[in-house]
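The block underneath contains the structure these notes are about, expressed in structure tokens.
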Amino acid sequence: MDKDSKIYVAGHRGLVGSAIVRKIEAEGYKNIVVRTSSELDLRNQAAVADFFHKEKPEYVFLAAAKVGGIVANNSFPAEFIYDNLMIQTNVIHHAWLNGVTKLLFLGSTCIYPKLAPQPIKEEYLLTGPLEPTNEAYAIAKIAGIKMCQSYNRQYGTRFVSAMPTNLYGPNDNFDLETSHVLPALIRKFHEAKMGNGERGTGNGEKHQAHVTIWGSGTPKREFIHVDDLADACLFLMTLPEEQYRSLLIPGPQSPVPALINIGSGEEVTISELALRIKEIVGFAGELVFDSTKPDGTPRKLSDVSRIHAIGWKHKINLEEGLRNVYRWYLKSVAGADTETHDGFSVY
Ligand SMILES: NC(=O)C1=CN([C@@H]2O[C@H](COP(=O)(O)OP(=O)(O)OC[C@H]3O[C@@H](n4cnc5c(N)ncnc54)[C@H](OP(=O)(O)O)[C@@H]3O)[C@@H](O)[C@H]2O)C=CC1
Ligand SMILES: C[C@H]1O[C@H](OP(=O)(O)OP(=O)(O)OC[C@H]2O[C@@H](n3cnc4c(=O)[nH]c(N)nc43)[C@H](O)[C@@H]2O)[C@@H](O)[C@@H](O)C1=O
């Protein structure tokens, strides 16, 4: 990928897409093409065909998707399967038709069986039943992986599938109904501390009541900062030929690139995560567990030996990442002055 190669980042306003744009711009890539979903609805086949025909991108980062936390996935399975199948099918197919040199498809570690042995190796794909709360989303993502592998096999394309673990960072979704756990807890602890959350007065009084954690708190999750993920995405997109070939696994006719996990290889329970965020935010009240909300899969720790073997490792540890994202939240979402914000003096 040259510095003036034409690169399409699909989903550039989202958590992942915005981090990829920040990363590739910082590395000097100048010819980046983007479209919002209102300018180009990637579910619309004719619009996608027209876009690829006119723009002819050479490289594609496919980070546009219907994404949400456990309750959003569980409540809207129709949208999660339909939108994701349509978006990825249109983009992957038209990338092939228009001769895209390389495409990176983003899946998720929720593609693996609910009770897969831990840590989860890439080859455990399709070896057991999925977690029911996100089955629709996972089926769509598995179809995307198989579509990339099928086009590689039949047409010799270079479409690589990356499976990140749970992510967090700037431009995350902080909506309490639809977000993932980490941004939700940052917002809940902050608002409770400021007196605007549960039982809060709304007038900034330090009410410090309680924060509700969904489920039992016992499930374990693995998190990586989205800046590490963006680094891994660029690493995979620019992989030298020898390392790319080391990713190939035997296919029925010719070798195909394997999917590849991207994670830290470290996990925490949801209770431990909540306690860490509580401390960073400086909340002094209680935690309450809401057992009417789903726990989801008990563990999904990725085996990251494949990506380590080709030379990539995450850099941002969870403590540093949490402090970094709380600072971003204070400035960009809560509108607080991070120099003077009460109890937040980590930078
Ligand atoms: N967040 C996480 O924890 C994880 C995410 N992933 C994967 O990473 C990828 C990106 O996720 P993330 O950045 O978190 O998601 P976000 O929800 O933050 O961003 C998704 C982006 O997709 C775009 N988009 C959605 N629907 C359409 C559509 N119909 N047409 C065009 N664009 C659309 C949106 O564009 P616009 O803003 O213009 O509306 C948005 O910018 C996904 O494939 C996801 O599965 C994998 C593991 C974990
Ligand atoms: C990335 C991944 O994200 C999703 O899977 P998930 O990891 O189960 O998602 P989650 O982040 O929403 O929850 C993690 C855990 O945390 C608990 N939890 C506590 N309190 C809150 C809370 O306040 N909000 C949320 N969302 N969860 C909470 C929650 O009950 C669960 O036990 C997928 O659907 C799937 O699409 C996918 O790929």
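Would you list the strands (runs of 3 or more DSSP E) that sit entirely within segment 217-295 and hold 2 or more residues that are at pLDDT 95 or above, of a type outside the set (D, E, K, R) and open to solvent by 10 Å² or more (accessible area, probe 1.4 Å)?
Because the criterion is at least 2 residues that are at pLDDT 95 or above, of a type outside the set (D, E, K, R) and open to solvent by 10 Å² or more (accessible area, probe 1.4 Å), the strands (runs of 3 or more DSSP E) in segment 217-295 that meet it are 286-290.
Can you tell me which residue in segment 83-97 is nearest to residue 153 (Cα to Cα), limited to those that are open to solvent by 20 Å² or more (accessible area, probe 1.4 Å) and more than 10 Å from ligand 1 (Cβ to nearest atom)?
Applying the filter and picking the extreme gives 96.
Return the only residue of 65, 47 being open to solvent by less than 70 Å² (accessible area, probe 1.4 Å), without any contact (Cβ under 8 Å) to a residue 12 or more places away in the chain and assigned by TED's automatic domain parsing to the domain that holds residue 233.
One residue alone meets the criteria, 47.
State which residue is nearest to ligand 1 (Cβ to nearest atom) when the search covers only segment 152-181 and only residues that are part of a strand (DSSP E or B) and in contact with a Pro (Cβ under 7 Å, 6 or more places away or on another chain).
Only one residue fits best here, namely 168.
Report whether or not residue 262 is within 14 Å of ligand 2 (Cβ to nearest atom), in contact with a Pro (Cβ under 9 Å, 6 or more places away or on another chain) and not small (Gly, Ala, Ser).
So residue 262 passes the test.
Residues are listed down the side, and each one gets a yes or a no for (1) among the hydroxyl-bearing types (Ser, Thr, Tyr); (2) touching a strand residue (DSSP E or B) at 6+ places or on another chain (Cβ under 8 Å); (3) within 21 Å of residue 310 (Cβ to Cβ):
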| site | (1), (2), (3) |
| --- | --- |
| 82 | yes, no, no |
| 91 | no, yes, no |
| 107 | no, yes, yes |
| 120 | no, yes, yes |
| 149 | no, yes, yes |
| 154 | no, no, no |
| 164 | no, yes, yes |
| 168 | yes, yes, no |
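From the list 316, 280, 307, exactly one residue is touching a Leu at 6+ places or on another chain (Cβ under 7 Å) and more than 11 Å from ligand 2 (Cβ to nearest atom). Which is it?
280
The values are calculated or read from the model by the stated rules, or taken from the named source; none is laboratory data. Note that the coordinates shown come from a computational prediction; the quantities given were computed from them, not determined experimentally. Methodologically, a virtual Cβ is constructed for each residue, glycine included, from the backbone with ideal geometry; neighbour enumeration extends over all protein chains shown. Heavy atoms of the whole protein, side chains included, go into the accessibility calculation; ligands, DNA and RNA do not. Shrake-Rupley method; radii C 1.70, N 1.55, O 1.52, S 1.80 Å.
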